[in-house]
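A short write-up of the structure that comes next.
The values are calculated or read from the model by the stated rules, or taken from the named source; none is laboratory data. All values reported here derive from a predicted model rather than from experimental measurement. Heads up, the Cβs are rebuilt from the backbone with ideal geometry, glycines too, and the neighbour counts pull from every protein chain shown.
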Amino acid sequence: MGIAAGLLLAAAPVIVAALALSGGGESAQSSGFLDTGFGPAVLRSLKVAAGVWFVAVLVGLPAGLFPALYSIPLRRTLLGLVALPLLVPSFLWAVGLSMLRMALGLPADNILGGFSGTVLAFSATAVPLVTLATYVAGRRITQGEADAARLAGGERHLIFCVARSVFPMAVVAGLLGSILTLSDPGPGQILRFGGAASHILVSFAAQYDFALATRQSLSLAVIVLVLAVPAAIWLSPRMASGLLARQTKSVALSERSTLAWIGLVLLAGIIGMTSVLPLAGLLQPLGNGVPVVRALVTVGRTLGDTVLLASIAGVVGTGLGFSLALCAGRRRRWQIVLLGGALVLFALPPALSSLGAIHLAAIAPPTLDSLTRGQFTVGTIEALRLFPLGAVLAMRAFGTGSPDWTAAAAVHGVPLGKYFLRVLVPWVLPTAGITVVLIALLATADVTTALLLSPPGGGSLPLAIFTIMANAPEALVGALCLLYVGGAGILLAGVSGILRRQERKRP
């Protein structure tokens, strides 16, 4: 009942939009939307999604594995820099790659454009997702497990066993990153490799054919459902295995210099590919002068809304995801249902749920305006869209707990509330903290929802950058991007310090 209620709550805006927008008459294009180029566009989107998944798992798995096991120089700083692209809208990375290509005088069909450029732009989000998810899963390996693996076959056997353990987590994170590409039209349009999301955006914004766009969105969700169910059936029982009751000490970071330097090179390569390369194109116009005052005014005007949006989305999305994972428990059937439903909801375009929220606000009584309009609504819709990330990480966190803890608490008559606060919450708290940050970053970077739901005069900093890009000087856009990335770095550094302090205090 809890899983059904949670999934229905997350799907409520989409259901409202589907009922409201599909109830009208057939449009000229609606009857044959698969014959108007939408079918080939879906194939292009699936091709990009497959490429992004392959790159994310291939690069992100070892990049998250080595920092989880070995003492890498500047480990936390590098992990924070790896997470920076999660805060920046994907269309900005695509713009950066496009500007870099033009500055280098390269043709439009080279590696920075077309299919390869689109995969590279989307990988800036998918690779950090897999890296951080793998790192979190790897830190759940205990010292006893690591010692047993080293005794059985040495350091190479330990790396193999940990990689096999975290591989399902990396696959799921890569699926989430690749599914994001199906609902994001920005990079494909900028780099001339438009997919299904571009067709849906044209139906919404250019043709004003909401019924057509709704049918296209739902057909895309059906395709994802067909692909997600086998993946969920295979992955859900492999997400985690319970520990023995006394296996609670996390693996100590090894001081092996060679393997630590391999991890350092991998993290530095990810930062260069996902951050430095696009920023080189975005910051090129700053050579003509930096409008610092105007940029600071824009940041000050949008800072409050940005922080509020990120906080609401992070806390609500993490709470919903962890609650549903707790309902699923260790039952394989409900893990499959939760994982499959989460992947399908993750694939729906943000515009569809936003239009459902607009319809709900229009029919709701005026007394509910504080709940149906404003930044609270934007944050809540983002949380309902991004909760699958919290559910996946929570399934891993709960799954690595010991079943003996519950049995011991039941035998000794420990109340459920006390067991929850004293045992379960401390065990999942580090994972929950990282989940809040990831969902907050992804919610802030989403421009579509903020564009449709933000009240007049409000909006986040990415929305401000998006709205002024066409008319503002390039130097102002570059300055705003620089301040945006710098603020994200400060935020991640602060969160990393808090988590480190909590980890040291943890018994």
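Looking at region 331-352, can you tell me whether even one residue there is of a type in the set (Val, Ile, Thr), touching a residue at least 24 places away in the same chain (Cβ under 8 Å), outside any helix (DSSP H, G or I) and surrounded by 16 or more Cβ atoms within 10 Å (Cβ to Cβ)? No, the conditions are met nowhere in region 331-352.
Scanning for something closer than 28 Å to GLU145 by Cα, in a helix (DSSP H, G or I) and hydrophobic (A, V, I, L, M, F, W, C), does region 379-389 turn up at least one residue? Yes, the conditions are met somewhere in region 379-389.
For region 167-175, the condition holds for at least one residue, the condition being that it is at pLDDT 85 or above and more than 16 Å from the chain's Cα centre (by Cα).
For every residue, the table says whether it meets (1) touching a residue at least 40 places away in the same chain (Cβ under 8 Å); (2) in contact with a Leu (Cβ under 8 Å, 6 or more places away or on another chain); (3) not hydroxyl-bearing (Ser, Thr, Tyr).
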position: PHE66; (1), (2), (3): yes, yes, yes
position: SER71; (1), (2), (3): yes, yes, no
position: THR77; (1), (2), (3): yes, no, no
position: LEU97; (1), (2), (3): yes, yes, yes
position: GLY105; (1), (2), (3): no, no, yes
position: VAL162; (1), (2), (3): yes, yes, yes
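Restricting SER116, SER71 to residues that are surrounded by fewer than 21 Cβ atoms within 10 Å (Cβ to Cβ) and within 30 Å of GLY154 (Cα to Cα) narrows the list to SER71.
Considering only region 370-377, I want to know if a residue exists there that is outside any helix (DSSP H, G or I) and either among the β-branched types (Val, Ile, Thr) or farther than 28 Å from GLU145 by Cα (or both).
Filtering region 370-377 for residues outside any helix (DSSP H, G or I) gives 373-374.
Those still in the list that are either among the β-branched types (Val, Ile, Thr) or farther than 28 Å from GLU145 by Cα (or both) too: 373-374.
Yes; the residues of region 370-377 include at least one that is outside any helix (DSSP H, G or I) and either among the β-branched types (Val, Ile, Thr) or farther than 28 Å from GLU145 by Cα (or both).
Kindly indicate the residue of region 246-287 that is among the hydrophobic types (A, V, I, L, M, F, W, C) and closer than 17 Å to GLY486 by Cα and also modelled with the highest pLDDT among those meeting that condition.
So in region 246-287, the residues among the hydrophobic types (A, V, I, L, M, F, W, C) come out as 251-253, 259-262, 264-268, 270-271, 273, 276-277, 279-280, 282-283, 286.
Okay, now just the ones that are also closer than 17 Å to GLY486 by Cα, so 271, 276-277, 279-280, 282-283, 286.
Values: ILE271: 83, VAL276: 77, LEU277: 72, LEU279: 72, ALA280: 73, LEU282: 65, LEU283: 67, LEU286: 61.
If we take residues in region 246-287 being among the hydrophobic types (A, V, I, L, M, F, W, C) and closer than 17 Å to GLY486 by Cα, then ILE271 is modelled with the highest pLDDT.
The residues of region 403-462 that are of a type in the set (Gly, Ala, Ser) and assigned to a helix (DSSP H, G or I), listed by number, are ALA407, ALA408, ALA409, ALA410, GLY417, ALA432, GLY433, ALA440, ALA443, ALA445, ALA450. Hey, among the residues in region 353-384 that are under 15 Å from VAL315 (Cβ atoms) and touching an Asp or Glu at 6+ places or on another chain (Cβ under 8 Å), which one's surrounded by the fewest Cβ atoms within 10 Å (Cβ to Cβ)? By that ranking, first place goes to GLN375.
Output yes when any residue across region 85-95 is in a helix (DSSP H, G or I), within 17 Å of GLY269 (Cβ to Cβ), modelled with pLDDT of 75 or more and out of contact with any Asp or Glu (no Cβ under 6 Å at 6 or more places or on another chain), and no when none is. Step through it out loud before you land on a result.
The first filter runs over region 85-95 and keeps only residues in a helix (DSSP H, G or I), leaving 85-86, 90-95.
Now drop any that are not within 17 Å of GLY269 (Cβ to Cβ), which leaves 85, 93.
This time we only want the ones that are modelled with pLDDT of 75 or more, so: 85.
Pick out the ones that are also out of contact with any Asp or Glu (no Cβ under 6 Å at 6 or more places or on another chain) and you get 85.
Within region 85-95 (the criterion being in a helix (DSSP H, G or I), within 17 Å of GLY269 (Cβ to Cβ), modelled with pLDDT of 75 or more and out of contact with any Asp or Glu (no Cβ under 6 Å at 6 or more places or on another chain)), the answer is yes, since at least one residue qualifies.
Meeting the requirement of 2 or more residues that are surrounded by fewer than 22 Cβ atoms within 10 Å (Cβ to Cβ) and not aliphatic (A, V, I, L, M), the helices (runs of 4 or more DSSP H) wholly within region 127-220 are 143-182.
Each row is one residue, and each column tells you yes or no for (1) crowded, with 24+ Cβ neighbours inside 10 Å; (2) closer than 30 Å to VAL251 by Cα.
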residue	(1), (2)
GLY37	no, no
ALA41	no, no
ARG44	no, no
GLY51	no, no
PHE54	no, yes
VAL59	no, yes
ALA63	yes, yes
ARG75	no, yes
PRO85	yes, yes
